[in-house]
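What follows is a set of notes on a single structure, which appears directly below.
The values are calculated or read from the model by the stated rules, or taken from the named source; none is laboratory data. All values reported here derive from a predicted model rather than from experimental measurement. Reconstructed Cβ throughout: ideal geometry from the backbone, glycine too, with neighbour counts over all protein chains shown. The area values use the complete protein model at the heavy-atom level, side chains included, leaving out ligands, DNA and RNA. Shrake-Rupley method; radii C 1.70, N 1.55, O 1.52, S 1.80 Å.
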Amino acid sequence: MDGTIMRYYLEFGDFVSAIKVFFAGFARNYLLWNSFMKEFESFGGDPFEILVVFNELHSKGVEFDSKAFNFVLKICLALRELCVGLEIHACLIKKGFHDDIHLNCALINFYEKCWSIDKANQVFHETPYQEDFLWNTIVMANLRSEKWKNALELFGNMQRVSAKATPGIIAKMLQACGKLRALNEGKQLHGYALRFGLVSNTVVCNSIISMYSKNKRFKLARAVFDSMEVRNRDLWSWNSIISSYMDDGCLSDAFDIIVEEMKSSGIKLDTITWNSVLSGYVLQGSFEMVLTSFRSLCNAGFEPDSCSVTSALKAIIELGFFKLGKEIHGYIMRSNLNCDVYVSTALVDMYVKNDCLEKAHAVFRHAKNKNVCTWNSLISGYSFKGLFDDTEKLLNQMEEEGVKPDLVTWNCLVSGYSMRGRIKEALAVMNQIKSSGITPNVVSWTALISGCSQNGKYTDALQVFSQMQAENVKPNSTTICSLLLACTDPSLLNKGEEIHCFSMKLGIVDDIYISTALIDMYSKAGKLEVAHNIFSKIQEKTLPCWNCMMMGYAIHGHGEEVMILYDEMREKCIRPDAITLTALLSGCKNSGLVDEGWRYFDSMQEDYNIIPTIEHYCCMVDLLGKAGFLDEALDFIKTMPIKPDASIWGALLASCRIHKNIKLAEIAAKKLFKMEPNNSANYVLMMNLYSSLNQWDGVERLKHSMITLGIKSPPVWSWTQVNQSIHVFLTDGRPHPEEGEIYFELYRLISEIQNLGYVADLNCVCQNIDDNEKEKILLSHTEKLAMVYGVMKMKGGSPIRVVKNTRICCDCHTVAKYISLARNCEILLRDAGRFHHFKDGKCACNDCW
């Protein structure tokens, strides 16, 4: 009768009367509250009116039992009416209902959703009688609020008072253990499920499988799956075990078998199954398999959803298959998936990575839903492109639309400015981050350090790192790699060694990226043995690791060792890339291995389908030219499928100078003067060649051209390091404080090595003056002064390290060999082209430079 009367009132639109009838007969009607609410709303009633009528009846003295208050609290929860809910809570305490279990459960749910989980926990702790239902409610509330640790602690307390958990709670707790990587607690929950017979519950078993998978215990996950009765395995069970295989990185081998098992069990794959496969391949970095599986999904008759499309777009970004990305964009528009914020963000990111900022902005502008990640994706595109005015406009627009920039937003700006070498602006953004109440994290600092390193501001990189440490931000492996990049400058070798020690203290020295960066740093700093020791200790060597070690040997002129490493790498079934071949060809050219160089160059396309780049062609021209095959080098240049650049002609010109081939040198110089009209090095090379052939007219002509064009040679300098102090020797500028002593020692050394057979190479002086004057000029070469100063200060047999900003001349190269013999010392000299390692009267370059 109540139901009929309420329906009539609702049909007539008299909602107040309908509510009064409902409350008047609440003792009979409370079981129907859910259907009443649906009917009430279907007729256009506002649930808030129920609260108004309840308040009116209560104020007139109508007495309600706990069930009515429970119902009203549920309406407050649905409407998020915090103030009304607080009044009802106060009323419950006055009426003595505060110990009612069901009311307290309703209060816990209300406070969790409408205020905070802390208030919900307070209600629980203030409840005098904590029965099973209440325990389950508070644990579930904490799980919903993602307070995983609180939930685990409450569950432990629950067991101490022998309260029994529902299967739903156990399933959710197992999921929490997966997210927290809490294996021990997960095992205890598994034991609880076994003890109380919950393993027959499919949802609980699926959660156990998922928990073990997340904790990298894949065999246990499979064991639980195998222990399930076949009839109890549902699609979620199969999807869970597929995810487990994905996380273990072996789904490629097992997927077909699993699909057959599913078919034999009468279970069909669904979109979620395919999405598990796609996301797993993304996590493994198997991006080609992502696209293969995506096609299989479509061929199986499934329509890709937002998760499928997002995974496919990530693979497309990594593989650079942007044509396919445009096709998927078309599907997204047809399927109306552009409403999904993750799909929109992935699309923006794809166009940003494809350097199509206009299209990225168009997608962004038409996106129906945007979050801070969508904004960040577009802002990063403009920032990394160096379009900082547009970036600032986007930031302003972002704030106008009520989206607050997060740390990722600011980090995009820091990275953009740093990459462009605008360190002051990057530091200003760091200050802006702090003033906005956000603390810069390790990504912020690493971006700044990386920018300094990449732009040659090595000292700035180290200063930023010191500031980072002062602010107690712990560096990660990327930070250390960026710092080690800064320390590839030989003058910062000591700092590099300090950072090496620091990474050992942090316990991350075995990280493959740090190990590779250390190999690179020590190789470029001249400590090849240390680099090789680090390399040999790496258990699982990656391709970049092999490449770095091979390039280290190459720049030191150890071509044989480069080839040995290459053979070892191939034995490990590691496929070489373009960088590997550059290292190989560099090793060959620096060691004069012509036949081997040709063999490796030919194998690029034949064996590995690697298309040679300008770097590979340059190595071959250099190799042929230095070996004296100048005509072959020129023919090689003429038959190149790509246009020769300045590096190609420069390599030929340098070879012509060595072999005094004026005809080909003039061809190369003519090209270089057009390509690099302001590069004085090309003019100097030609003048050296003319002077060596006594063609002084040519020298004067080039000098006149340089004056006319306003071309000036940059200052030539060399430096050596003594007791962690850098001593610089310049052609122009302030003389060294110990110049007198240095020249005195130099004359002594020259006299000494002349007795060993040294004869000055006067061809290295491109001035038309008498021989005595030429000898004096040779003595003033900066690398000689640096080497002599190193000899004067050398202690304990340490190698003398010298760096020169231009190529070492032939005479200084000869002098260095004789000094190493006369004084029984090692000299490591790094010039503009390569390393020279002098020992026992020989150079590691074997005069192929």
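Take the solvent-accessible surface of the protein heavy atoms, probe 1.4 Å, and return the percent of it on the chain that carbon and sulfur atoms account for.
Answer for the chain is 51 percent, counting heavy atoms of protein chains only.
Leaving out ligands, DNA and RNA but keeping every protein chain, what accessible area does LEU756 have, in Å² rounded to the nearest 10, with a 1.4 Å probe?
Using a 1.4 Å probe on the heavy atoms, I get roughly 90 Å².
Could you rank the peptides 130-137, 192-199, 407-414, 56-63 by their average count of other C-beta atoms within 10 Å per residue, with the highest value first?
On the way: 130-137: 18.2, 192-199: 15.1, 407-414: 23.2, 56-63: 11.5.
Ranked from most to least packed, the peptides come out as 407-414, 130-137, 192-199, 56-63.
Relative to the present Cα-Cα distance, how much length would full extension add between GLU571 and ASN846 at 0.36 nm per residue of separation?
Here the segment from GLU571 to ASN846 would lengthen by 96.1 nm.
What is the extension gain from LYS60 to SER116, computed as 0.36 nm multiplied by their sequence separation minus the C-alpha to C-alpha distance, in nm to one decimal?
The span from LYS60 to SER116 would gain 16.9 nm if fully extended.
For region 637-672, state which trypsin sites (Lys or Arg not before Pro) are in a DSSP loop and have at most 16 other beta carbons lying within 10 Å of their beta carbon.
Hits after loop and neighbour filter: LYS660.
As I understand it, the value is the acute angle between the Cα axis of helix 202-214 and the longest principal axis of the Cα atoms of the chain; what does it come to in degrees, rounded to 10?
20 degrees
For a label point 7 Å from the Cα of GLU392 along Cα→C-beta, name the residues of region 346-380 whose backbone N is under 20 Å from it.
376, 378-380
Viscosity 0.890 mPa s, temperature 25 °C: give me the Stokes-Einstein translational D for the chain in µm²/s, with Rh taken as the Kirkwood radius over C-alpha pairs. The partial results should precede the final answer.
Details: Rh = 34.0 Å.
Rounded, D is 72 µm²/s.
Let me check against my output: what whole-number percent is the relative contact order of region 480-574, with C-alpha pairs under 8 Å and at least 6 apart?
Computed over region 480-574, the figure is 23 percent.
Enter the accessible area per residue of the chain (Å², integer; probe 1.4 Å; all protein chains in place).
Accessible surface, normalised per residue, equals 49 Å².
So between ASN805 and ALA362, what do we pick up on full extension, going 0.36 nm a residue minus the alpha carbon distance?
Stretched out fully, the ASN805 to ALA362 stretch lengthens by 154.7 nm.
Contact order normalised by length for the chain, with contacts defined as Cα pairs under 8 Å and 6 or more residues apart; what percent is it?
Averaging sequence separation for qualifying contacts and normalising by length gives 4 percent for the chain.
With every protein chain present, what accessible area does GLU303 have (1.4 Å probe, heavy atoms only), rounded to the nearest 10 Å²?
140 Å²
Which pairs break 23 Å Cα to Cα here: LYS179/LYS219; LYS495/LYS589; LYS67/LYS113; LYS524/LYS804; LYS164/LYS214; LYS172/LYS214?
Too far apart for the 23 Å limit: LYS495/LYS589; LYS164/LYS214.
Could you tally the net charge around MET792, taking each other residue with its Cβ under 11 Å from the Cβ of MET792, Lys/Arg +1 and Asp/Glu -1? If you can, show how the numbers build up before the last one.
Working: positive: ARG748, LYS793, LYS795, ARG823; negative: GLU738, GLU741, GLU745.
Charge balance near MET792 sits at +1.
Got a sec? Which residues in region 300-340 would a label at VAL259 touch, if it sits 7 Å along Cα→Cβ and we count backbone N under 14 Å?
300-302
With every protein chain present, what accessible area does GLU126 have (1.4 Å probe, heavy atoms only), rounded to the nearest 10 Å²?
Here the accessible area works out near 120 Å².
Counting each DSSP H run of 4 or more residues in the chain as -39500 (n - 2.57), what helix-only mean residue ellipticity at 222 nm follows after dividing by all residues, to the nearest 500 deg cm²/dmol?
-21500 deg cm²/dmol
Using 1/(1 + (r/R0)^6) with R0 = 35 angstrom and r between the beta carbons of ASN755 and LYS703, what's the FRET efficiency to the nearest 0.05?
Plugging the Cβ-Cβ distance into 1/(1 + (r/R0)^6) gives 0.40.
Under 16 Å from a point placed 7 Å out from the Cα of GLU666 along the Cα-to-Cβ direction: which residues of region 696-714 have their backbone N that close?
696-703
Can you check what the net charge comes to around SER586, using other residues whose Cβ is under 13 Å from the Cβ of SER586 (Lys, Arg +1; Asp, Glu -1)?
For residues surrounding SER586, the net value is -1.
Let me check against my output: what whole-number percent is the relative contact order of region 379-516, with C-alpha pairs under 8 Å and at least 6 apart?
Reported relative contact order: 17 percent.
Using the basic label-point model (7 angstrom from Cα toward the beta carbon), what is the ARG7 to LEU693 distance in nanometres?
11.1 nm
Hey, with R₀ at 22 Å, roughly what FRET efficiency would VAL722 and GLU775 work out to, going by the Cβ-Cβ distance, to 0.05?
On the way: r = 27 Å, r/R0 = 1.24.
Once the sixth-power term is evaluated, E becomes 0.20.
I need the calculated FRET efficiency for the pair LYS179 and ASN157, taking r as the beta carbon distance and R₀ as 22 Å, to the nearest 0.05.
E between LYS179 and ASN157, to the nearest 0.05, is 0.60.
Net charge near LEU543: determine it from the other residues with C-beta under 9 Å of the C-beta of LEU543, scoring Lys and Arg +1 and Asp and Glu -1.
Value of the local net charge: +1.
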